[in-house]
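Written out below as structure tokens is the structure these notes cover.
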Amino acid sequence: MALAAAGNPQWTSRFAFLMAAIGSAVGLGNLWGFPFRTGQNGGSAFVLVYLLCVLLVAYPILMSELMVGRHKGLSAIESTAQLAKDSGKSANWGIVGVVGVFGAFLLLTTYSVIAGQVMAFGVMSTTGGFSGGPGAGLYDGTLMPLLWHTIFMAMTIFVVAQGLHNGIERFVTILMPAFFVMLAGLCIYSLVNGASGQALSYLFEPRFDEVTPSVVLAAMGQAFFSLSLGCATMITYGTFLSQDENIASSGGLIAGSDTLVAVISGLMIFPIVFAFDLDPAQGFGLMFSAMPAVFTEMPGGAFIGATFFVLALVAALTSAISLLIVAAIAGQNYTGLGKAGSAIVFGGAVWLVGAATIFISGLGANIDFFANSIALPVGGLLVAVLVGWVAPSAAMRGELPHASDRLFSAWRFLVRYVAPVAITITLILGLDQRFGFGLNRALASLTG
Ligand code: PFF
């Protein structure tokens, strides 16, 4: 039966849950996406809008996903269907879970290819491969990227196949504390050895005139991706939660830690960017080729460079695990496969589509656009509508027993009105940016 298949194992401790959820949230999106988008969107203006998006939209949705998951404790698809059914509404609301599972699957296909590249660059930066030393060419052609993608997916499948307790919990409870130690060390190193004053003013000095619709769009997309929202990940992690977990406070810890890591990543990267006159708006290259190049010129550079890539690998792996488990658990429910079988079959399918993106040009970009600009916001919007409009208020109140009436009303207001409006606007602006109906341009001219 489905209930038994979902297995409903529970987190062994609050610590394990928090490390897994923070591990999911903290990923390449924090280390690379946040500094890169900050660089492209006018520094502090972006940071400020980002913080507002997290507080007013992402955090309430994060709470909602955890609440929906815990409410029924079934897989993401069944939990959402069942919640609607219990509320006297159609079980077709399971579509919320379907969109999420599909989004998670797609997201992982390209995430794994990028994580593979990070690993390759890590090896190259420590062997001198970038300056023609051993390891040069480790990411050349199509077969090398395929190999690295394969290694990364194999690691992800290996962890997920061992299940919640022996796999995921065991890895995240070791890797995440190590991650924080490495991050703190690198950030201090960079602030001491780099151009920290310039970095601080770039990140934090307010420049409100630079806030345009495209900055808001980038900030909202980044907030969703960074907090792992809209793709059933937090619903799935919520299904393992016990009834005593205080979702408002743990959600706050997850959102707060994720945001802190994003800002600390900025503080780790920009002092070096400015000290070496790199272009802050350079994108992927900023993180994974410019940085390794300058490490070699810094004191203790080889060690620092290696630590930097281990940090990125840990971040990517704990996020990928959370993406695969969404599909693996849903798969377990619908195919009758065991947990290892489901992880292997669905992980294998992710691997296949990821491999196709390496060989078919443009496919990866289309998948990225579809996953990030359509599936994630639609998934988040549906969650907001489900908890804010479909489910009765009393059922949701039962999931936040520790919250004061004021906090509950604030959460409800945000998920009923603010989040749906904000996400719908983001969706439209995202489609416009891609297909060019002229909306972004018109808005930009209005705001001067
Ligand atoms: N939050 C991850 C990051 O910032 O890299 C990416 C991610 C993981 C997105 C899991 C969505 C998800 F469900």
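Descriptive notes on the structure:
- Relative to the current alpha-carbon distance between residue 14 and residue 370, full extension at 0.36 nm per residue lengthens the span by 124.7 nm.
- Protection proxy ranking, peptides 101-108, 419-426, average beta carbon neighbours within 10 Å, highest first: 101-108, 419-426
- The order of the peptides 35-42, 359-366 by mean Cβ neighbours within 10 Å, most packed first, is 35-42, 359-366.
- The smallest convex shape that holds all Cα atoms of the range 154-212, its convex hull, gives 161 Å³ per residue.
- FRET efficiency, residue 178 to residue 127 (Cβ-Cβ, R0 25 Å, nearest 0.05): 0.65
- Residues in the range 113-143 that a label on residue 282 would reach, taking backbone N under 20 Å of a point 7 Å out along Cα→Cβ: 114-115, 117-133, 136-140
- Applying 0.36 nm per residue to the separation of residue 136 and residue 361 and subtracting their alpha-carbon distance, the gain on full extension is 78.6 nm.
- Rounded to the nearest 500, the 222 nm mean residue ellipticity of the chain from helices alone is -22500 deg cm²/dmol, with -39,500 (n - 2.57) taken per DSSP H run of at least 4 residues.
- Ordering of 343-351, 408-416, 126-134 by packing is 343-351, 408-416, 126-134, highest average first (other Cβ atoms within 10 Å, averaged per residue).
- Förster radius 25 Å - calculated FRET efficiency between residue 246 and residue 421, Cβ distance, rounded to 0.05: 0.35
- Candidate aspartates and glutamates - alpha carbon under 20 Å from residue 72, same-chain residues fewer than 8 apart omitted: 86, 244, 245, 399
- A 1.4 Å probe run over the protein chains yields, for the chain, 37 Å² of accessible area per residue, whole-number rounding.
- Overall Cα dimensions of the range 85-220 - principal axes, largest extent first, Å: 61, 46, 33
- Simple spin-label estimate for residue 210 and residue 296 gives 3.1 nm between the two label positions (7 Å along the Cα-to-Cβ direction from each Cα).
- Using a Förster distance of 56 Å, the FRET efficiency for residue 303-residue 86 (Cβ separation, nearest 0.05): 0.50
- Approximating the spin labels as points 7 Å out from Cα along Cα→Cβ, the residue 446-to-residue 147 distance works out to 5.4 nm.
- Label-point separation in nm, residue 188 to residue 395, each point 7 Å along Cα→Cβ: 5.0
- Within the accessible area of the chain (1.4 Å probe), percent carbon and sulfur: 69
- Taking every full run of DSSP H in the chain, the ones that stretch at least 20 Å from end to end by Cα along their long axis and average 1.6 or higher on the Kyte-Doolittle scale are 95-127, 143-161, 170-193, 247-275, 301-335.
The values are calculated or read from the model by the stated rules, or taken from the named source; none is laboratory data. The model shown is predicted, which means the values in this text are computed figures rather than measured ones. Because the Cβ atoms are built from the backbone with ideal geometry, glycine has one as well, and the counts that use them run over all protein chains shown. Accessible surface areas use protein heavy atoms only, side chains included; no ligands, DNA or RNA. Shrake-Rupley method; radii C 1.70, N 1.55, O 1.52, S 1.80 Å.
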